[in-house]
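To start, the structure under review is shown below, and the notes come after it.
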Amino acid sequence: MSDAISVHAGASAYFGRRRSARSMAYGTWYVTEHRLRTMRAYLGSIIAGSVFNPVLYLFALGVGIGSYIDSNAGAPGIGGVGYLVFVGPALLVSAALTVAFEECSYPVMGGFKWTREFWAMNATPIDARQVVNGVLLAAGFRIVFTVAVFWCCLAAFGASPSGYGFLAMPAAVLSGLAFGSVIMAVAANLEEDDGWFPIINRLIITPMFLFSGTFFPLEGLPIWLRWLGWISPLWHGTQLGRAAAYGMSEPVWLTLVHVAYIAGMLGVGLGLSWRSFRRRLSK
Amino acid sequence: MDNPNGIMIKARGLTKDFGEVRAVDSVDFEVRKGEAFGLLGPNGAGKSTTMRMIASVSRRTGGELSILGLDPNEHGPDIRGHLGVVPQQDNLDVEIRVRDNLVVYGRYFGLPMKFLGPKADELIEFVQLTEKAKAKVDTLSGGMKRRLTIARALINEPDILLLDEPTTGLDPQARHILWDRLFRLKEAGVTLVITTHYMDEAEQLCDRLIVMDKGKIMAEGTPARLIREYSSREVVELRFGSDRNAVLAGQLAGFGDRIEVLPDRILIYTDTGEEDLARIVERGLRPLTSLVRRSSLEDVFLRLTGRSLIE
């Protein structure tokens, strides 16, 4: 047992002139690094979920329902492709959104309320914005992993016929980040666990999943319900994914709208999260 | 950081409002290098709010504050790089191991692994958690978690260590282990700022302290000087039973410099405790229990505010 403590044993040699210099530059990455390290604790369930989930969905929806629909719809199927090809990009994007929700809801509320780890981070040179960016970036790593596994399954099931099919992956990842940033802003404002996330799940996520042109084209909805798709990141991401996966034809301006909507959502979500984190941490 | 006059923290008219509530009301104080400085007061006195402003996370509403010669509004991250913070509520990462907590935290200061590895081992040894280095934080006792939080706060070799209620909620033995470690840090020259509502903690650890109540500073000085200034040398404590204390207080007039009647006991402030107690008994008053003790900071607080520290 050592009772001696060296107060200045050489940390200053690594700090440079200002003690915040390195944290200012790499702070976001330090937060990400920490969260990835924490994720290792439940790595098994992350991997298992990422692999079983797509296989399950692709069998049930693509192969099971798909073969039924295809045999009834006749040769062209939906939009000229088989049901599995049609529904694949939507499932890919929705998997990204699900992971984003998992990483940006309870873990963010808990970082303030239960573990209080955001205060611990902010007691160092790290600032509120870096905490937000780092948490979202770590979620991004998980989204990338999930999307990559899912896409490989899609390809294996023959659901990504186009040579540009891989472009569905960045579309899904960006949709996930955009959605996650908004969920994070909401989570950062929840001071009590009043059951808001189950409500969001039932009233926003489930309808979004069902009515974003996921299982049938948005045109299949009456015009007065189509706005559900228009405001949904899932629809915009899915349409991009479909354009990539099987060259779904769409006016160029609409493709640009999809990209702009997702980018805009990410921007707004990040801005709101920065503000909420700063307000909460600097009280 | 250049700091020739040795003033680590300087507050002038420091004020913090939460909406309509003024949590810290124009306080002035200075903390010098190597000093153990205490903020003593009951819950809600504004100690933690003051502490969070010193920690350069909470923004002041008014007044001046300078930490290591810098304004936290302008140089928050830079100042925080020089601080170690032990918050009132533990905020360790309970999902990773004891040693990883230190390494991960050290990364936030931009320190490289080759420095953090040996440093983490040294600190774990210092806070006597070597056998727990690979344990999950969940498995630690309250006292061990506090010690780990202190080790974590030292990972960047801070110039100032801020401790907000460091031993609240710990059992007496765990408190003594913690005090011993903090005392060694003090001996090693670390500047300590400690908030507490325990007068014994303040007396043991603090070279100098301010007594706070309702956001204001009531008094400032060394523990000994505060006791000399605001209390007598000794205190006679008498208990006559809760319904009789107030009744019998009248018959004690003339004893000591001052008498405080509390619901559970009567305190007589005097320089000659044993003699006074003997004369009280001669007079035919029969307290259920009696005690002569030295004055403490608790008495100072009672004198200054008319209330006890722990309510």
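No lab work stands behind these numbers, since they all come straight from the coordinates. The structure displayed is predicted, hence computed values, not measured ones. Backbone-built Cβ (ideal geometry, glycine too); neighbour counts: all protein chains shown.
Counting only Cβ charges, +1 for Lys and Arg and -1 for Asp and Glu, the dipole size of the range B:232-294 around its Cα centre is about 140 debye. Computed from the mean reciprocal separation of all distinct C-alpha pairs, what Kirkwood hydrodynamic radius does the range B:160-311 have, in Å? The answer is 17.1 Å.
If a/c stays under 1.5 just call it rounded; otherwise compare a/b with b/c (prolate if a/b is bigger, oblate if not). Do that for the range A:140-240, with a ≥ b ≥ c from the square roots of the Cα gyration tensor eigenvalues. Oblate shape, in that a/c is at least 1.5 and b/c is the bigger or equal ratio.
The fewest-to-most ranking of A:Ser45, A:Ser175 by surrounding Cβ atoms within 10 Å reads A:Ser45, A:Ser175. With R₀ set to 22 Å, the beta-carbon distance separating A:Val268 from A:Phe141 gives a calculated FRET efficiency near 0.45. Can you tell me which of B:Asn91, B:Asn43, B:Asn156 moves the most in a GNM of chain B? Springs connect C-alpha atoms under 10 Å apart. Looking only at B:Asn91, B:Asn43, B:Asn156, the largest GNM fluctuation is found for B:Asn91.
Modelled spin-label separation between B:Asp71 and A:Asp193, with each label point placed 7 Å from Cα along the Cα-to-Cβ direction: 4.2 nm.
Using +1 at the C-beta of Lys and Arg and -1 at the C-beta of Asp and Glu, which of A:Tyr30, A:Val173, A:Trp230 has the Cα lying farthest in the positive direction of the dipole of chain A? Sorting the options by dipole projection puts first A:Tyr30.
Remark: for residue pairs B:Lys145/B:Lys216; B:Lys33/B:Lys216; A:Lys113/B:Lys132; B:Lys10/B:Lys47; A:Lys113/A:Lys283; B:Lys119/B:Lys145, the C-alpha separation exceeds 21 Å in B:Lys145/B:Lys216; B:Lys33/B:Lys216; A:Lys113/B:Lys132. When only Cα pairs below 8 angstrom with a gap of at least 6 residues are kept, chain A shows a relative contact order of 25 percent. Once you sort the root eigenvalues of the Cα gyration tensor of chain A as a ≥ b ≥ c, which label holds: rounded (a/c under 1.5), prolate (a/b larger than b/c) or oblate (the other case)? It comes out prolate by the Cα gyration axes. Cα gyration tensor of the range A:33-117, axes a ≥ b ≥ c as square roots of the eigenvalues: rounded (a/c below 1.5), prolate (a/b > b/c) or oblate? The shape class here is prolate. The modelled label-to-label distance between A:Arg116 and A:Leu167, using points 7 Å beyond Cα along the C-beta direction, is 5.0 nm. Spin-label model, B:Arg258 to B:Leu288: label points 7 Å out along the Cα-to-beta-carbon direction sit 2.7 nm apart.
Rounded to the nearest 20 debye, the dipole size of the range A:61-200 about its Cα centre is 340 debye, using +1 on the Cβ of Lys and Arg and -1 on the Cβ of Asp and Glu.
First obtain the Kirkwood hydrodynamic radius of the range B:7-221 from its Cα pairs, then insert it into the Stokes-Einstein equation at 37 °C and 0.692 mPa s, and state the resulting D in µm² per second as a whole number. D, rounded to a whole number, is 188 µm²/s. Each part gets one Cα centre, and for the range B:1-74 versus the range A:144-179 those centres are 52 Å apart.
When the inverse distances between all different Cα atoms of the protein assembly as shown are averaged and flipped, the Kirkwood radius reads 27.7 angstrom. For B:Thr222 and B:Leu304, what is the calculated FRET efficiency with R₀ set at 22 Å and r taken between the beta-carbons, to the nearest 0.05? In this case the efficiency is close to 0.90. The value of relative contact order for chain B, using C-alpha pairs under 8 Å at least six residues apart, is 20 percent. Of all the options A:Met248, A:Met169, A:Met109, the one that moves most in a Gaussian network model of chain A with Cα springs shorter than 10 angstrom is A:Met248. Considering only B:Ser231, B:Ser58, B:Ser290, the mean-square fluctuation computed in a Gaussian network model of chain B, springs between alpha carbons under 10 angstrom, is largest for B:Ser290.
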